[in-house]
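Input: a single structure, listed below in structure tokens.
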Amino acid sequence: MSKEQTKRIIDLASLGTVLLGVIGIISAAYLSEKTTPVSGSLLSALASGLTTVSVSLIGFAVFNFAIETKDWKSYFGERIKEVVIENDYLSTLSNDALKETQTRLLKAQFKNQSIDKEGSFLHYFHHNLHRFISEPFREDVSAEVHITAHEGTTEKFVIQDKVTYVCRASRGTIQSHVGWQPDDGEFEEVVSLKITVSYPPSSPHAGKSEVVYPPTDANLKEDLKRGISVPLDKYKEVDFLIVKTEAEYIVRQGSFQYWQMAHPTKNFQIAIVYPQDFSIQFKTLVLEDVGSQITEQPGYLRFAYTSWALPQSGLTWLIRTS
């Protein structure tokens, strides 16, 4: 049924309601005049009730005619949009109410009333992934890893890696700190670590770089052994802040190296250069293969990923004798 046909039916129904109300009022008046019912009697109550119902019908019909006019229709449509769809209504709800509203929307979208049952993916999403939607994130992560043989032994490698990324703000702030944390036994020795931040082109301090680690009073050997966490309070409102870490460390040959995301990350690439008389075993962890590209030749591997990666996802590789 078209909108015009629907409107015509509504208009006819409203007109019929008006006529029914008029007939009811006339009938009530005729009843009162003809029978002259005593106040408090059944006939008196019937006449009063008929008058009230008839007036209500006429009022409903007039209101319906008004709603169907263009100006009133637009007004009420805009008010409903503001109250229900936009923030006027949603901003008044508690977190639990918003979560319930989101669940109802998903049930309607997927036509699945059991979408939120215990153990469902929606439960996992709410408890483990939902918070990442509004967290600060990183983008355009670029890493270079140079692996060379350790002098005097064939059982160790010296690794120099450089990682650069852009910090993106959410709710006005970027990530709270820069962390660097080796696992127990991951490295034989950490030789050096340097962390630099640079202001983006849009900043009044564009081009300015500052070394945030190591500080002048750092106990470098002890810090690198247990890992470090450098606060970014000074730069927390600097969207597009550029962070660069440079590290050198020694690993034992035959040990896996891995790189995990500490924050939600959008777009990253890594280039690994290693001795050509060795081979590399490379594997992604919890990443979509559809958004990745690998370029490989003897002594070189480049991996690019053009999508989102969640914290704890990442890469692992092993350099071994060919």
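Each value in this text was obtained by applying a stated rule to the coordinates, not by laboratory testing. Bear in mind the structure is a predicted one, so any value in this text is a computation, not a measurement. Note that we place each Cβ from the backbone using ideal geometry, even for glycine, and neighbour counts take in every protein chain shown.
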Sequence order, region 198-211: Karplus ³J(HN,Hα) from phi using 6.51 cos²θ - 1.76 cosθ + 1.60, θ = phi - 60°, Hz rounded, Gly and Pro as x, gives 10, 6, x, x, 7, 7, x, 9, 3, x, 7, 10, 9, 7
For region 137-321, rounded, prolate or oblate, judged on the Cα gyration tensor with a ≥ b ≥ c (square roots of eigenvalues), a/c < 1.5 rounded, else prolate if a/b > b/c?
oblate
Taking alpha-carbon centroids only, region 229-289 lies from region 103-128 a number of Å equal to 34 Å
Stretched out fully, how many nm does the piece from residue 183 to residue 196 gain, at 0.36 nm a residue minus the Cα gap?
2.4 nm
Considering only DSSP states other than H, G, I, E and B, which GluC sites (Glu not before Pro) in region 113-166 qualify as loop sites with at most 15 other Cβ atoms within 10 Å?
118, 151, 155
Quick one: if the Förster radius is 30 Å, what FRET efficiency do residue 98 and residue 176 give, using the C-beta to C-beta distance and rounding to 0.05?
0.75
Rounded to the nearest whole number, the Stokes-Einstein translational diffusion coefficient of region 93-134 at 37 °C and 0.692 mPa s (Kirkwood radius, C-alpha pairs) in µm²/s is 303 µm²/s
Label-to-label distance, nm, for residues given as residue 269 and residue 210 (7 Å Cα→Cβ offset):
3.0 nm
Among the GluC sites (Glu not before Pro) within region 161-214, which fall in a DSSP loop and have no more than 16 other Cβ atoms within 10 Å of their own Cβ?
186, 188
Give me the one-decimal nm value for the distance between modelled label points at residue 296 and residue 128, 7 Å along each residue's Cα-to-Cβ direction.
2.8 nm
So which trypsin sites (Lys or Arg not before Pro) in region 242-322 are both in a DSSP loop and have at most 15 other Cβ atoms within 10 Å of their Cβ?
none
So the label point goes 7 Å from the Cα of residue 306 along Cα→C-beta, right? Which residues of region 259-279 then have their backbone N under 13 Å from it?
267-269
Summed over the other residues with a beta carbon less than 15 angstrom from that of residue 234, with K and R at +1 and D and E at -1, the charge totals -2
